[in-house]
Every structure is written in structure tokens, then in C-alpha cells.
Amino acid sequence: MIKPENDDIKLFRESVKDATPLSKRHVKVQLDLQRPKPKPIPKKFPRADQQLLADSLSDHFIPAYELEAGEAAVYLRAGHSPDILNKLRRGHWPIQAAIDLHGMMSDQARLYVSTFISDCKSRGIRCVRIVHGKGLSSRNQEPILKNKLRSWLMQKDEVIAYVEAKKQDGGSGAMIVLLKA
């Protein structure tokens, strides 16, 4: 069965009817067998990136250890000097960025914290304040986000330490967090 030629094929054949094909001895094919093919770069979708950030933190993480200084929460990643906590409490590093989690649901706050820390890391920000609130508006007036935030921060590799904020920076309703350089 022969297919009828369409106009494009007819036009092409008409255009090249007087052309002389090259002999095989004139054709040079250069193969670069030494260099491996590059791996394909996957397309990134913002929604997928957000989901990865959200999934990187668990609400069910049980910390191996957390230092308690009375009622104040204090955390220092293993391998770092305890002097970091004193410097962080005294404001040795200026707070360069801050977020407020008031009124957010847990899932929304988790994504917001993860995105915030990732953004701070890419911008070279070292010290941040995260206001989580005291839980006065929540059921049973318990600070739900405070406990979850502590757990989330311990899971982030970028976090070196955190301390409860000074009274003028939010007191027991906020954390001062030191990130890796």
C-alpha cells in the first residue's frame, strides 16, 4: 500500500531533485565517546518543593535529648560548644529575620517554619526569632505550637541551637534560633 504524498514532501523532492549526494568518503562523523552524557535535570515544581519541605519535619519526632533550664526550653546540637547557648541568650548574634506563627494551624506552621529556615539558609542569615505564642487562644490554653516547634527545630540540620527569647523579644512565646553559617 503506497501512501499519497502530501504537499510538503512533494515540495521537498522538487527542491532537491538536482542535488548530488555526497560520497561516503567525504562524510566525517566525529564521535566523542570519552565524555559521558549529562544526566537530565528534573523540572522542579513549586508545589512539589513545598511538599518536600513540609514532609521534612515530623510532628511525631521524639528528641534524643533536650536541655531544660527550668521552664525555658534550650537546645544545643551535639558537637557544639555550650558557650553558644550563653552567647545566644545574651544577644551575641543580632536577630536578622523573624516570623510569627500566631493563629496558624500545625500543618501550615510546619511548612512556614521549614520554608523560612530554608530561605534564611540560602540568604546567609544566622540568627532568627520565631514567635509561636503562649497558647492563650488554643484549647486548654496550652502552647501547642511551642512544643511542636521545638521538635521541628531539632530535626532541621541547619539549626545549631535555640533558646527561649528574652522578655522584650517575646519571652516564653518565642524562640531565638542560631543557624549554621
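Throughout, read-outs are computed from the coordinates displayed, never taken from laboratory work. Nothing here was measured: the structure is a model prediction, and the numbers come from that model. Glycine also receives a Cβ, built like all others from the backbone with ideal geometry; neighbour counts cover every protein chain displayed.
Each of TRP93, TRP152 was scored by other Cβ atoms within 10 Å of its Cβ. Listed from fewest to most, they are TRP93, TRP152. For the listed residue pairs LYS146/LYS167; LYS148/LYS180; LYS121/LYS166, the alpha carbons are over 19 angstrom apart in LYS148/LYS180; LYS121/LYS166.
The phi torsions of the stretch 80-87, fed into the Karplus equation with coefficients 6.51, -1.76 and 1.60 and a -60° offset, translate into couplings of 10, 5, x, 4, 4, 5, 5, 5 Hz, rounded to whole numbers, with Gly and Pro shown as x.
Under 5 Å from the amide H of VAL74 lie the amide H atoms of LEU67, ALA69, each residue being 5 or more positions distant or on a separate chain, with H modelled from the backbone and absent for Pro and chain starts. All distinct Cα pairs of the stretch 69-179 go into the 1/r average, and the inverse of that average, the Kirkwood radius, is 14.0 Å. Ranked by how many other Cβ atoms sit within 10 Å of their own Cβ, fewest first, the residues GLU14, GLU164 fall in the order GLU14, GLU164. For the stretch 99-105, backbone phi angles converted through the Karplus equation (6.51, -1.76, 1.60; θ = phi - 60°) give residue-by-residue couplings of 9, 10, 9, 3, x, 8, 7 Hz, Gly and Pro being listed as x.
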